[in-house]
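One structure is given here, and the rest of the page talks about it.
What follows draws every value from the coordinates through simple rules; no lab data is involved. Nothing here was measured: the structure is a model prediction, and the numbers come from that model. Note: ideal-geometry Cβ built from the backbone for every residue, glycine included; neighbour counts use all protein chains shown.
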Amino acid sequence: MKYSVILLLIAALAAAQQAPIAMCELRPALEEIRNAVADSYEDLLTIEPGATGTVTVSFTIAPGGALTEVSITSDPGLESVARAAEEAMQGLDYGPGLLEEPISITVPYSCIPPSES
């Protein structure tokens, strides 16, 4: 089944003097979360073909590399997709030395069913 999960990334820096984090440092974890969202959404579409909405993942990367202030919200009907995103985030850690100041990340994953053709 074809499906569409659109990834938009908005990185808000916690401190004005913090240098932007390299996207290559974020990509592996964001890809892991995106894949979990996409897989779960594809499963959901087999039960609810018209399911649509957004799952938003927010977190802060602490200077030590740990994820803090994790928040996952979803539109009604996408709770199972939100749980998959939460499970994908379990144990994620960027390791020390990546940041001098915390950085906050918000990623909305738009779940859009395939169009009828």
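Results, tabulated for the structure shown:
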| quantity | calculated |
| --- | --- |
| Label-point separation, residue 58 to residue 31 (7 Å along Cα→Cβ), nm | 2.8 nm |
| Nitroxide proxy distance, nm - points 7 Å out along Cα→Cβ at residue 66 and residue 93 | 0.9 nm |
| Packing-based exposure ordering (other Cβ within 10 Å, fewest first) of 61, 47, 103 | 47, 103, 61 |
